[in-house]
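J.: The structure is given below, and queries will be raised subsequently.
Nothing in this text is a laboratory measurement; each read-out follows from the coordinates by a stated rule. Note that the structure is a prediction, hence the values are computed from the model and not measured. All Cβ positions, even for glycine, are placed from backbone atoms using ideal geometry, and neighbour counts span all protein chains on display.
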Amino acid sequence: MASKRDDGSTLVAENRKARHEYFITDSWEAGIELLGSEVKSLRRGQSNIAESYASVEDGGVWLINSYIAEYPGAALFPHEPRRKRRLLMHATEIHKIGIAVERKGMTLVPLELYFNEKGRAKVKLGLAEGKNHSDKRQDAAKRDWNRQKARLMREKG
């Protein structure tokens, strides 16, 4: 189910694997072009962006392989759950992203799917560079050390 956040927005889906698999260097907020039944499914929290990615094609940015469940009330005109969805961004941002994605090893991954305080569906995109195995191991060691340090500080008072 969707969860309310402090800034008034409502988180619908989060890509937790993205921060584990990639170094996120930059992020953007984009609107998303949806059908009515897709909005209703999102409001019910029925979506997943874990396996999805974004691509710059035909002068626009597209969200590919994101899952938004079919809405049962839209039996006559259902939407396709994994269809390609257009992201709404300014032309200068699209150009900047297009240049950044052309660099070696960079990709565009969705980090969050949410409704902002005005009730509009938004996607937080991150420009990402892939991590190798040793980077992931270092991150895990750092996380363990911080957890251990916090535990020691609680015990000492």
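J.: With the condition being under 18 Å from LEU127 (Cα atoms) and among the polar types (S, T, N, Q), I'd like the strands (runs of 3 or more DSSP E) fully within the stretch 30-115 carrying at least 1 qualifying residues.
T.: Output list reads 53-57, 106-115.
J.: Does any residue in the stretch 128-157 that is under 30 Å from GLU102 (Cβ atoms) and in contact (Cβ under 8 Å) with a residue 40 or more places away in the chain come within less than 8 Å, Cβ to Cβ, of a residue that is assigned to a helix (DSSP H, G or I) and small (Gly, Ala, Ser) six or more places away or on a different chain, and which pairs are these?
T.: ALA128/ALA18
J.: Given the conditions (1) in a loop (DSSP other than H, G, I, E, B); (2) within 15 Å of SER55 (Cβ to Cβ), which single one is not true for GLY119?
T.: For GLY119, the failing item is (2).
J.: Hey, among the residues in the stretch 85-112 that are under 15 Å from the mean Cα position of the chain (by Cα) and of a type in the set (D, E, K, R), which one's surrounded by the fewest Cβ atoms within 10 Å (Cβ to Cβ)?
T.: That would be ARG86.
J.: May I ask you to verify whether LEU125 is closer than 24 Å to GLU21 by Cα and touching a residue at least 24 places away in the same chain (Cβ under 8 Å)?
T.: Taking the combined requirement at face value, the residue satisfies it.
J.: Would you confirm whether any residue within the stretch 16-27 is hydrophobic (A, V, I, L, M, F, W, C), assigned to a loop (DSSP other than H, G, I, E, B) and surrounded by 12 or more Cβ atoms within 10 Å (Cβ to Cβ)?
T.: No, there is no match, as no residue in the stretch 16-27 is hydrophobic (A, V, I, L, M, F, W, C), assigned to a loop (DSSP other than H, G, I, E, B) and surrounded by 12 or more Cβ atoms within 10 Å (Cβ to Cβ).
J.: Only residues that are farther than 18 Å from PRO110 by Cα and surrounded by 16 or more Cβ atoms within 10 Å (Cβ to Cβ): list them for the stretch 44-69, please.
T.: none
J.: Of the residues that make up the stretch 21-34, is at least one over 13 Å from LEU108 (Cα atoms), under 14 Å from the mean Cα position of the chain (by Cα) and not small (Gly, Ala, Ser)?
T.: Yes.
J.: Cβ contacts < 8 Å: first residue in contact (Cβ under 8 Å) with a residue 40 or more places away in the chain, restricted to the stretch 68-94; second residue surrounded by 14 or more Cβ atoms within 10 Å (Cβ to Cβ) and among the polar types (S, T, N, Q), any location; separation 6+ or different chain. Result?
T.: PHE77/SER37; PRO78/SER37; HIS79/SER37; ARG85/SER66
J.: Limited to the stretch 46-67, what total is found for residues that are over 15 Å from the mean Cα position of the chain (by Cα) and without any contact (Cβ under 8 Å) to a residue 24 or more places away in the chain?
T.: Result for the stretch 46-67: 2.
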